[in-house]
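One structure is given below, encoded as structure tokens.
Each value in this text was obtained by applying a stated rule to the coordinates, not by laboratory testing. As the structure is a computational prediction, the values presented were derived from the model and not from experiment. Cβ coordinates were reconstructed from backbone atoms using ideal geometry, including for glycine residues, and neighbour counts include every protein chain displayed.
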């Protein structure tokens, strides 16, 4: 499943840092706090990861929904471009699918895993 891998595609959501403050953090449900804890440092971490792409040599499959509002389309293109040493790269671009492909298209996920 395609993940957020391009720092350039990470949205600037300034409110997230505000919601991380001790004064406001307690107002959020736990699920939001956990998500926020992952998202706030993501852009900086993705920048640090750039030189590490070269070390990936295993086969890689990427499945990206074109209507994904959590991991925007374009991340799969970036990953494909960066995976220069992967032994193989297969990208499934699903223009009408969103972030929840395992639930909306389980047969496609099964097929992709079996081919892998």
| request: Could you please rank 47, 62, placing first whichever residue has the fewest other Cβ atoms within 10 Å of its Cβ? | output: 47, 62
| task | Give the angle, between 0 and 90 degrees and rounded to the nearest 10, that separates the Cα long axis of helix 106-115 from the longest principal axis of the Cα atoms of the chain. | result | 50 degrees
| What angle, in degrees between 0 and 90 and rounded to the nearest 10, separates the Cα long axis of helix 30-39 from the longest principal axis of the Cα atoms of the chain? | 60 degrees
| query | For the chain, which semi-axes, largest first and in whole Å, follow from the square roots of 5 times the eigenvalues of its Cα gyration tensor? | reply | 29, 19, 12
| remark: Full extension between residue 60 and residue 91 adds, at 0.36 nm per residue less the Cα distance, a length in nm of 10.3 nm
| Taking Cα centroids, how far is region 1-58 from region 72-116 in Å? | 21 Å
| message | How large are Rg and Dmax for region 30-89 when calculated on the C-alpha trace, in angstrom? | response | 13.6, 40
